[in-house]
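Report on the following structure.
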């Protein structure tokens, strides 16, 4: 048994007897007599999955004041969302025990039904620790049935004896090939029409992530974002989005034929970090769009950001819902947040309508494995349309091991997510302290990462995303990245002009964090008094670009006739492509946007510094010819009057 039961009872004899009876039936139990003590156990022991508690408890051993019922249950759940609570009490008048739907069961002490308690606790936990799709896939693969259907490798038979590609089979292994099956196997269900084990796995995921519905996605959160935008927006509807959002949101706008209302993120010019949109800008943009009678249907927020900055999401959701606007939260980098109190509230807990998560980025799923979580109270009215969009983007031949990885990732987080994250937090603190002991490297704190415009927005930081200031090292970030990779065999996540960022995942180890520290220590010693200021830092310091108008909806500009011309001659033309310098990775132009002199100057500045610019080829840019502009205006597709 890999979980524990916390028994909370202020009556010492009753507590001792309950512990003895449950232990004799194979339970691992922990006992305490007060609410305060119970909270400490929940914080410290990630193996606790069940709380068996009296209805009313003293707040502490020394405090005679009591806490009871819903108030107490909410506090337990705030500490450990995944824990199940059972009432174990002398109170028989059930009407007095209003639980708020927060408990999993009730036992009357004098019934002495210890066997029943054990069975019910095991049933609840067994449900969480099952992985129905994974287990069924393993069972099927072990049967080694003759395959007279796709895929063509036929459980690996086409390659395992090949003189040319046998190594391919040997590297990936027999089990991968045996489990790579197709929708021709009814007992493994169909992702596009779930009725069996995939449906069961998705329902378990919904429970684990506090959603009404969960849908597995096997081609990434990019597709998840496009599905939702295409579902919620009709041509001509408007959506509010961060200019720094993932490119999939921009593409979703194109597919839906929607009108984007772009907002600039906050900018930390010192470190080249783009943070959350200021809260006041979000509220003002919503009100302005409504005043202009735009059909504003949704807002998409990236939380947390690439650099680990966390919005005050609950307040934003409240403001959006007050204006009848649906909220999509892109939690690609924040999927694990539901399993630790330090991150609360997450999108679902904050009342957001939808969340998309890259389960592969922050949990144990395979690459491209993602989830869509739904809490929209109106979802049943659009569920059929959602499924049409889901089917439109999904493959009819999904990879079944990837689906299994989503099932297993959910199981792992439901059973040990709290403990894994608590451990990662400790590793993050140790890594931070080690790096800060060096002279030329420093881990940035929240106040370093955010700009003045969001200092009052209750922004927090995810400590597992560590951004290191390298400006005193004498190396550029690209030079440092090269040294870490080629000399020390360390691959980092990303860089700005004077920072590097590393991610601590649930797979982090002491060996890894110490190797990174030793590598940085070695680089510091070798650098000596080296001083090599980077002129490229001026790029971010000069990044004060205001957004130019969107002249045509991106969908129509994207599909419009276009012509190629030199950037310097494109003033007042309309871009038909997305143009994005890397870094910083923010599109300066999207399809339908007016090209201003400010944008031309900014792109030329990036080119001067040798920055890679996607959408600009040899100084040439794709724009809309005048006659095409006139055509779109006549057909009513112009946003600007």
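Annotations for the structure displayed:
- The separation of the range 470-506 from the range 1-53, counted between C-alpha centres, amounts to 46 Å.
- Percent of beta bridges antiparallel (DSSP, the range 294-392, rounded to nearest 5): 35
- Ordering of 424-435, 481-492 by packing [mean C-beta count within 10 Å, highest first]: 424-435, 481-492
- Shape category assigned to the range 323-432 from the gyration tensor of Cα positions, a/c cut at 1.5: oblate
- Exposure proxy order (Cβ contacts within 10 Å, fewest to most) of 464, 356, 505, 346: 505, 464, 346, 356
- Gyration tensor verdict on the range 4-128 (Cα atoms; rounded if a/c is under 1.5, prolate if a/b is larger than b/c, oblate otherwise): rounded
- The angle between the Cα long axis of helix 12-24 and the main principal axis of the chain comes to about 80°, on a 0 to 90 degree scale.
- The angle separating the long axis of helix 597-608 from the principal Cα axis of greatest extent in the chain is about 80 degrees.
- Each DSSP beta bridge with both residues in the chain is either parallel or antiparallel, and the antiparallel ones are about 55%.
- Per-residue ellipticity at 222 nm computed for the chain from its helices equals -12000 deg cm²/dmol, with DSSP H segments shorter than 4 residues left out and the rest contributing -39,500 (n - 2.57).
- Using bins of 5 Å that start at zero, the share of Cα-Cα pairs per bin across the range 380-518 amounts to 2, 8, 13, 15, 14, 12, 11, 11, 8, 4, 2, 0, in whole %.
- Counting all C-alpha pairs of the range 545-634, share separated by more than 16 Å (%): 47
- Its relative contact order, with pairs defined as Cα atoms under 8 Å and 6+ residues apart, puts the chain at 11 percent.
- For the range 202-259 and the range 93-140, distance of Cα centres in Å: 34
- Each 5 Å bin, from zero up to the one with the longest distance, holds this percent of the alpha carbon pairs of the range 216-415: 1, 8, 16, 20, 21, 17, 10, 5, 2, 0.
- Based on Cα contacts under 8 Å between residues 6+ apart, the range 417-532 shows a relative contact order of 32 percent.
- Ordering of 52-65, 260-273, 31-44 by packing [mean C-beta count within 10 Å, highest first]: 260-273, 31-44, 52-65
- Relative to the dominant Cα principal axis of the chain, helix 132-142 is inclined by about 90°.
- For 405, 182, the sequence from fewest to most other C-beta atoms within 10 Å is 182, 405.
- Contact order relative to length of the range 4-128, as percent, for alpha carbon pairs under 8 angstrom and 6 or more apart: 24
- Shape of the range 599-641, Cα gyration tensor, a/c cut at 1.5: prolate
- The range 356-373 versus the range 309-340: alpha-carbon centroid distance in Å: 17
- For the range 4-128, share of DSSP beta bridges that run antiparallel, in % to the nearest 5: 15
Bear in mind that the values in this text are calculations on the coordinates, not laboratory data. Predicted model only: the values in this text are computed from it and were never measured. In this analysis, Cβ positions are derived from the backbone assuming ideal geometry, glycine residues included, and neighbour counts consider all displayed protein chains.
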